[in-house]
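*Asks:* Input: one structure, supplied below.
The values are calculated or read from the model by the stated rules, or taken from the named source; none is laboratory data. Treat the numbers as computed from the prediction; the structure is a model and nothing was measured. Backbone-built Cβ (ideal geometry, glycine too); neighbour counts: all protein chains shown.
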Amino acid sequence: MGSRRAKRIAAKQKGRRKTPRRELVLRLLQKMPEKYSGVRGHSRLCEIAAEEIANQLRKKGVEIDPKFVSRAAFAHDAFKQLGAITKETAIAKNYFARKGFPEFAETLSATHALQKLDPNKLEKISLPKKIIIYCDNVCRGVPIIKGGKIVGWKNSIFSVEEAWKTVRDRINKGHVEDRQILGSNAREFVLTKRIERELVGMGLDSLRLIRKVRKKFNKKER
Ligand SMILES: [Fe+2]
């Protein structure tokens with residue numbers, strides 16, 4: 001009886017990775033200045049999306065740890081206020097490595113590296129990294145504009161095509177100053193679409209994902 005229980009626990013723990021507590025990540029996000037409140041919503045949305053993707057894939061027999069993936073998605077922008085994308089990613093990586101979560105830190109390091117990634121190396125990226133990159137690109141904030149000015153953000157999850165349109169709209173309406181961003185984002189969305197195809201091949205239902213994540217996000221605290 002005892003050994004059966006031990007086997008069950010061992011099976012459950014198989015594939016589990018060392019993951020920081022949610023409170024630790026939440027505290028980091030809460031420390032962000034108010035102007036980054038949109039990032040908190042985006043992080044929460046990415047967390048829900050990553051968990052749903054991981055759960056769907058696990059049901060199809062894919063070995064994945066939903067807690068690890070969703071926590072990493074929640075943490076991926078936790079240092080956004082501290083500098084340019086490569087800098088804040090490095091800070092996040094160091095922070096979580098120092099706290100005793102090296103694998104978690106390593107997973108986060110891929111999040112914002114897509115723009116520089118050699119497309120031929122996409123297949124080699126780990127599944128948790130792919131899920132986080134995917135979530136980061138389909139969970140987007142759409143600016144709320146009043147009198148020509150951005151007064152807030154509405155976060156939601158979109159299909160890859162819709163998400164790409166929200167980025168194009170922002171650039172075309174002049175809400176993103178650097179038009180070079182358009183080129184690097186275009187590249188990023190091509191890769192995001194490739195990740196989606198791979199996830200769908202593993203059993204992801206992308207329409208169900210959007211439906212479930214929107215429902216859960218609207219219900220819970222942002
Ligand atoms: Fe992000």
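*Asks:* Run R17 past the list (1) farther than 15 Å from F79 by Cα; (2) of a type in the set (K, R); (3) free of Cβ contacts under 8 Å to residues at least 60 places away in the same chain and report the number of the one that doesn't hold.
*Replies:* Among (1) farther than 15 Å from F79 by Cα; (2) of a type in the set (K, R); (3) free of Cβ contacts under 8 Å to residues at least 60 places away in the same chain, the lone unmet condition for R17 is (3).
*Asks:* Take G141 and tell me if it is in a loop (DSSP other than H, G, I, E, B) and either of a type outside the set (A, V, I, L, M, F, W, C) or over 14 Å from the mean Cα position of the chain (by Cα) (or both). Give the steps one after another, and end with the answer.
*Replies:* Working: in a loop (DSSP other than H, G, I, E, B): no; either of a type outside the set (A, V, I, L, M, F, W, C) or over 14 Å from the mean Cα position of the chain (by Cα) (or both): yes.
No.
*Asks:* Mind listing whichever residues of region 50-81 are within 11 Å of the ligand (Cβ to nearest atom) and crowded, with 24+ Cβ neighbours inside 10 Å?
*Replies:* Of everything in region 50-81, those that are within 11 Å of the ligand (Cβ to nearest atom) and crowded, with 24+ Cβ neighbours inside 10 Å turn out to be A73, F74, A75, H76, D77, A78.
*Asks:* Here's a check for you: in region 94-117, which residue that is modelled with pLDDT under 90 and within 15 Å of the ligand (Cβ to nearest atom) is farthest from the chain's Cα centre (by Cα)?
*Replies:* Q115
*Asks:* Continuing with the same structure: Looking at the structure I just gave you, is L29 at pLDDT 90 or above and more than 12 Å from the ligand (Cβ to nearest atom)? Even if it seems obvious, please write down each step before you answer.
*Replies:* Working: at pLDDT 90 or above: yes; more than 12 Å from the ligand (Cβ to nearest atom): no.
No.
*Asks:* Tell me whether region 179-187 contains one or more residues that are modelled with pLDDT of 90 or more, outside any strand (DSSP E or B) and surrounded by 12 or more Cβ atoms within 10 Å (Cβ to Cβ).
*Replies:* No, region 179-187 contains no residue that is modelled with pLDDT of 90 or more, outside any strand (DSSP E or B) and surrounded by 12 or more Cβ atoms within 10 Å (Cβ to Cβ).
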